[in-house]
Amino acid sequence: MARLTDTVVTNALRFKWPVLAVTLLITGVFAYFATTIEINNDPTKTVPRNLQARIDYEKLQETFASPRRVLFIAQFDTATSFAARIDSMRSWGERFARIEGVVDVTHIGTMRIPVAGGFFGITSSYLVPRKGDLSIDKVRARIADSRELTGMFVSDDELTLSMNMGIDESENQVRVVAEVDAVQKEIREAAPARIYVTGAPMYAYFIDRSMKHNFAVLLPVCILVVSILLYVVFRRVSHVIASLAIIAVALVWTFGLLGISGLPFSVVTSIIPVILFPIGVATAIHVFRTHARIRAGRADGGEGAIRETFRELIKPILLSAITTFVGFASFAFSDVIWTRIFGIFTSIGVALALLLSIVLLPIVLSFDRLSPAVSRPDRGPDGGEARLWRPYKRFIFSPYWWLVPVAVIVAVGVLGFLRVRVEGNPIAMFPKDSDIRRSDAIVQKHLGGTRFLFILLQDTSGPMLDAEQWREVGQIVSYAESQDMVGTTGSLLPLIHKVSMMLSDTSLSDPALAMLLKGKGLLGKKLESSLRDWVSPDRRSTRIVLVCKNVEGTEYQDLARTLTDHITAHHPRFTVLVAGPPLLNDAMTYVLIDTQKQSLSLAFAAVFLVLCLLFRSLKVGLFSIIPIVLSTLFVYALLGFFGVAINVVTVIIVNTCIGIGIDYAIHFTA
């Protein structure tokens, strides 16, 4: 190891200018590829493809295209006439509909309802005729008469109107929703109403926006704090710049490789720079301090002192890098794409920081013009340090006192660990006073919820064309509405009821079913096309939409299980499938728990093995890893006591503690 280290250092010093030129050239190439990184913070896109919740959702999409929904609410004041409110919604809806990737926009101005007329006595018409054929009083009468259809789009006092728009899942949702957000901001500035927007696509967009803001703030703060601390340690501006420059180069190379790979950049990946800075700077601190000590003790200094510095430090530096690499690389086996990418590229960043430190730090030291006499060696504890060292020494070498904090940590850790909860709801990532949380609460108040689940029912006996089948569908809808989490529902039943009342003055009749489901276009082509949202072309399957309350935790899986069990037990004629984005988030959360178990087991085992092999001592390996085990338990306790949930972002905290924390044990032991 020493001979190889001497060879690397000697060649780096001999060819320092070509090495610097090549480093600069490679950095430029990687910097270009770093600009090609695609950002994607949509939580549902990180779900494993073999996850049952995703398979179910894709099966639903095969039968009924269910684009993700953005909910828009306008709360008008009383001074604005009802006609003006309708015109405003229609105008705003047209603006949203022009956005590429918005596949449908539904509001009171786009709805079609059955009305008297036509060859069969019933036809369809816009709820609000576009040519102004009806007076506002007649429009109000239509709305009241079709309340089962219109209740979700206009409040009883007519002051709150809503809009529902679908976002094509094949499009880049962050781009589409960014345009939606830009339009709603323009509307908000001039609208005679208070505007609120929410929905699952908006969560991804706001995560993206928050990530960019935090990245722009936290990274400079990290650099500033590290720079101040480095200057306090070195008292040399050149050493501060060199330390930061090496990490900056490692980051550019890392993100350049990410750009070349074509993998997405997410809120989890954005944490990589904040992690790599302390890791890389720690290496620089050890090198500069050790070099100062060695150079002060040598008469010749220069290249000999640099080689001796790296001969002394290569083992702990290499060990630290390997164990840190392992700590983060354990995420490479995660089924969740975000955490997998984070683990892989953090590990790559650690390896690149090690490589660049070994190659470039000798070159930096070669430019150090201080004479050996000027370099001050490290001294033992004196003054304030001595006052701290004496009680610390008594504590450490006491035969029993050290057991007290260990016992406390274990006890507190276990209690806190039992309080740790998991979180599948992406909106829980935002502060309670954030715009998205406030908007979500307002929209939920008026629409009954903001999260969409879908029930897919298929009759195994044949097409759903008789009243008894739809009577059972009505029972299923009633049961779903009785669940606390369900605010409102949507299905074909309101339209069936409306047509049935017009034909036979009953809520469910065979003539109405025949007109809607057997006839082709009897109520008009546009109303016929809307049937495709609710019943399959072969009439064997129907869809029920559940607008659910936005709750924290993983409650949607429990709701889906309850609905599935009830329908299977009480309505055996139907096969049932419950799917939707909230279920994807909940399922992903449990995947994260399994990932955490596997990654922690792998990390601890690999770190322990590396320490035993390189220190050639089972005892040293065991003693070195005990502090990391205790600190991991303590971190879990903090998560539990402070109510911080395990989610797609916070899952990386413990592995970060392992990857970085083991370095202290290694340097002390070495």
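Things worth noting here:
Residues are listed down the side, and each one gets a yes or a no for (1) within 42 Å of the chain's Cα centre (by Cα); (2) modelled with pLDDT of 75 or more; (3) among the hydroxyl-bearing types (Ser, Thr, Tyr):
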| site | (1), (2), (3) |
| --- | --- |
| 356 | yes, yes, no |
| 374 | no, no, no |
| 377 | no, no, no |
| 386 | no, no, no |
| 395 | no, yes, no |
| 405 | yes, yes, no |
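- Check on residue 538, of a type in the set (D, E, K, R) and part of a loop (DSSP other than H, G, I, E, B): yes
- Matching residues in the range 145-177 - criterion: being assigned to a helix (DSSP H, G or I) and in contact with a strand residue (DSSP E or B) (Cβ under 9 Å, 6 or more places away or on another chain): 145, 149, 150, 173, 174, 176, 177
- Whichever residue in the range 553-572 is surrounded by 21 or more Cβ atoms within 10 Å (Cβ to Cβ) and not β-branched (Val, Ile, Thr) and, among such residues, is nearest to residue 465 (Cα to Cα): 563
- Qualifying residue in the range 103-113 (condition: open to solvent by less than 50 Å² (accessible area, probe 1.4 Å), at pLDDT below 85 and closer than 30 Å to residue 513 by Cα): yes
- Enumeration of residues in the range 460-487 that are within 37 Å of the chain's Cα centre (by Cα), surrounded by fewer than 20 Cβ atoms within 10 Å (Cβ to Cβ), outside any helix (DSSP H, G or I) and not small (Gly, Ala, Ser): 483, 484, 485
- First in the range 385-412 and surrounded by 11 or more Cβ atoms within 10 Å (Cβ to Cβ), second anywhere and in a helix (DSSP H, G or I), Cβ under 6 Å, 6 or more apart: 401/395; 409/630; 409/634; 412/637
- Qualifying positions in the range 83-96 - surrounded by fewer than 17 Cβ atoms within 10 Å (Cβ to Cβ) and either aromatic (Phe, Trp, Tyr) or assigned to a loop (DSSP other than H, G, I, E, B) (or both): none
- So residue 192, is it over 29 Å from residue 428 (Cβ atoms), touching an Asp or Glu at 6+ places or on another chain (Cβ under 7 Å) and either open to solvent by 20 Å² or more (accessible area, probe 1.4 Å) or at pLDDT 80 or above (or both): yes
- With respect to being in contact with a strand residue (DSSP E or B) (Cβ under 7 Å, 6 or more places away or on another chain) and open to solvent by less than 30 Å² (accessible area, probe 1.4 Å), residue 575 falls outside the description.
- Residue 49 vs. criteria loosely packed, with under 12 Cβ neighbours inside 10 Å, farther than 30 Å from residue 366 by Cβ and either without any contact (Cβ under 8 Å) to a residue 60 or more places away in the chain or under 35 Å from the mean Cα position of the chain (by Cα) (or both): yes
- Check on residue 85, charged (D, E, K, R), out of contact with any helix residue (DSSP H, G or I) (no Cβ under 8 Å at 6 or more places or on another chain) and within 20 Å of residue 146 (Cβ to Cβ): yes
- Qualifying residue in the range 74-82 (condition: open to solvent by 30 Å² or more (accessible area, probe 1.4 Å), part of a helix (DSSP H, G or I), of a type in the set (Phe, Trp, Tyr) and in contact (Cβ under 8 Å) with a residue 40 or more places away in the chain): no
The values are calculated or read from the model by the stated rules, or taken from the named source; none is laboratory data. Since we're looking at a predicted model, the values are computed, not measured. Neighbour counts are summed over all protein chains in view; Cβ atoms, including those assigned to glycine, are modelled from backbone coordinates with ideal geometry. The protein model used for the area step is the full one, side chains on, heavy atoms only, and it has no ligands, DNA or RNA in it. Shrake-Rupley method; radii C 1.70, N 1.55, O 1.52, S 1.80 Å.
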